[in-house]
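Have a look at the structure below, then the notes.
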Amino acid sequence: MTVRLTTLANGLRIITDDIPGVVTATLGLWVEVGTRHESADVNGISHFLEHMAFKGTTTRSAKKIAEEIENVGGHLNAYTSRENTAYYARVLENDVPIAVELIADIIQNSTFEPEEIDREREVILQEIGQTLDTPDARVFDHFQATAFPDHPLGRSILGPPEIVARITQKDLKAYMEREYTASRMVFAAAGGINHDHIVDLCQKYFTTLSSHAPEKAIGAVYKGGHFYEKRDLEQVHIVVGYETHPYTHPDYYPLSVFSNLLGGGMSSRLFQEVREKRGLVYTIASFESAFRDAGLFAIYAGTGENKVAELLPTIREVLETFPKTLDEQEIDRSKAQFKASILMGLESTSARCQNLAQHMMKYNREIPPHEIIAKINAVHRDELIDVASRLITPAPTFAAIGPGEEIRWT
């Protein structure tokens, strides 16, 4: 694994991982712009913009974009999160120039034709409708909104239908011009690539990126609270969680080990107690979401209406007894799972490329695997007990969707 970094004069950071013997490459542009950079009146525009990037440029139609990448057997895609947006491709090593040029074209030369906007708007409205019809996905939006009310981090990535319905070409162009600056961008590549070649291609094709200094996102403000939506469903979907810390905080790795111990696999405390011993759920899991200046830890579960009265006290009991009953064997098992998932990911060019980009955006450097493994190995029992005791409070953020009367955590 050979990782190299170059920063162009306009501020674009280029980071690559040349993997000998691999004949494919994953590469793309990551932009440190997402839902939290939106104002309330254009909530969903980051995601809308991501969709529109594939809908035609000054030199290519939407069909032409699709054909050019698929003519070489490649794959072009994108995603939007609360803090960044990614445009990436996977191709054979000889077709890397085509992929770089395509990504540069859609980022710099998209036309946002009104008829394409209206057509894609309908696609996004269908996507929103699908999410609204999927309670085990929708409940996470409610949880996020309850944790960060009246703040961009609490808003839906897709945006509400009424706002998506009125986003215009002018809105898209203004947002992109304001937020998409070179200093917020990372071009990452992994696999059968050559660093100097990637740099040359980026210098050749990324010629019109804005280099102005962007405004900082509004600082995170966690409040928490309670939310319940009554719907005619077969199950109650629940997310209960707590405020944590940014990804730069010393608790980041202890919390990751803690989360895996609590609800990260079949041997975890929650899975064993709630599903295996009591049969209360089909799915239960814990997770953590770390942002630039905030973080969340939460537990998701789906259960029948008649099981809620037993499920919630059981989760509370596991949380309360967990710190007192930790043993070294399960800590070692959790660490092994965590380390294995990281090392297995190194066999994928897509995972390596994603890691490079995320590390650059979060830490402005690559975090080598051995450094991550060392941080995991350094987590000890007393540290986990301390993290758990500070994390678990009597009044967590609670969100649920389900039939019947309103349910509460306490």
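The values are calculated or read from the model by the stated rules, or taken from the named source; none is laboratory data. Keep in mind that what you see is a predicted model, and the values were worked out from it rather than measured. Virtual Cβ from ideal backbone geometry, glycine too; neighbours counted across all protein chains shown. Surface areas here come from the heavy atoms of the whole protein model, side chains and all, with no ligands, DNA or RNA. Shrake-Rupley method; radii C 1.70, N 1.55, O 1.52, S 1.80 Å.
How many angstrom lie between the Cα centre of the stretch 268-300 and the Cα centre of the stretch 348-370? Using only Cα atoms, the two centres lie 26 Å from each other. For the stretch 1-55, the share of accessible area belonging to carbon and sulfur comes to 55 percent (1.4 Å probe, ligands and nucleic acids excluded). For the stretch 50-90, the fraction of alpha-carbon pairs lying more than 17 Å apart is 35 percent, rounded to a whole number. For the stretch 293-410, the fraction of 1.4 Å probe accessible surface lying on carbon and sulfur atoms is 52 percent. Computed on the Cα atoms alone, the convex hull of the stretch 197-240 gives a volume of 264 cubic angstrom per residue. What shape does the stretch 18-58 take by its C-alpha gyration tensor, where a ≥ b ≥ c are the square roots of the eigenvalues and a/c under 1.5 counts as rounded, a/b above b/c as prolate, and the rest as oblate? Judged from the Cα gyration tensor, the stretch 18-58 comes out oblate (a/c at least 1.5, b/c at or above a/b). Surface composition of the stretch 89-151: carbon and sulfur atoms hold 44% of the protein heavy-atom accessible area at a 1.4 Å probe. Three semi-axes describe the equivalent ellipsoid of the stretch 261-356; taken as square roots of 5 times the Cα gyration tensor eigenvalues and ordered largest first, they are 28, 16, 14 Å. For the chain, the Kirkwood radius over C-alpha pairs fed into Stokes-Einstein at 20 °C and 1.002 mPa s yields D = 94 µm² per second. Return the Rg/Rh ratio of the stretch 244-285 with Cα-based radii and a Kirkwood Rh. Rg/Rh for the stretch 244-285 comes to 1.13. The orientation-averaged projection of the convex hull spanning the C-alpha atoms of the stretch 117-195 amounts to 8.5 square nanometres. Its alpha carbons give the stretch 78-137 an Rg and a Dmax of 15.5, 44 Å. By definition, a body whose alpha carbon gyration tensor gives a ≥ b ≥ c is prolate when a/c is 1.5 or more and a/b is larger than b/c, and the stretch 333-410 fits this prolate description.
Rounded to 0.05, the FRET efficiency of the Trp409 and Ala62 pair, given R0 = 41 Å and the Cβ-Cβ distance, is 0.30. Cross-link reach is defined here as a Cα-Cα straight distance under 17 Å, omitting same-chain residues fewer than 8 places apart; for Lys216 the lysines meeting it are Lys362.
Solvent exposure of the chain, expressed per residue, is 44 Å² of accessible area, with all protein chains present and a 1.4 angstrom probe. Overall size of the stretch 132-265 from C-alpha positions, given as principal axis extents largest first: 55, 43, 30 Å.
At most 16 other C-beta atoms within 10 Å and a DSSP loop state: those are the exposed trypsin sites (Lys or Arg not before Pro) I care about. Give me the longest piece of the chain that has none. Formally, the longest exposed-site-free interval is 1-165.
With a ≥ b ≥ c taken as the square roots of the eigenvalues of the C-alpha gyration tensor of the stretch 163-207, please select rounded if a/c is under 1.5 and otherwise prolate if a/b is larger than b/c or oblate if it is not? It is prolate, given that a/c is not under 1.5 and a/b is the larger ratio. The Kirkwood radius of the stretch 351-390, taken over pairs of alpha-carbon atoms, gives through the Stokes-Einstein law at 4 °C and 1.567 mPa s a diffusion coefficient of 110 µm² s⁻¹.
Against the empirical curve 2.2 N^0.38 Å, the C-alpha radius of gyration of the stretch 276-410 lands at a ratio of 1.28. Taking every DSSP bridge with both residues inside the chain, close to 80 percent are antiparallel. Among the chymotrypsin sites (Phe, Trp or Tyr not before Pro) in the stretch 270-378, those placed in a DSSP loop whose Cβ has at most 12 other Cβ atoms within 10 Å are Tyr282. According to the Kirkwood relation over distinct C-alpha pairs, the hydrodynamic radius of the stretch 47-163 is 15.9 Å. Scaled against the 2.2 N^0.38 Å expected of a compact globular protein of N residues, the Cα radius of gyration of the stretch 218-317 reads 1.17.
Taken as Cα centroids, the stretch 126-173 and the stretch 18-63 sit 18 Å apart, rounded to the nearest whole angstrom.
For Lys335, the aspartates and glutamates whose Cα comes closer than 18 Å to its Cα, not counting residues fewer than 8 places off in the same chain, are Asp251, Glu288, Asp327, Glu371, Asp382, Glu383, Asp386.
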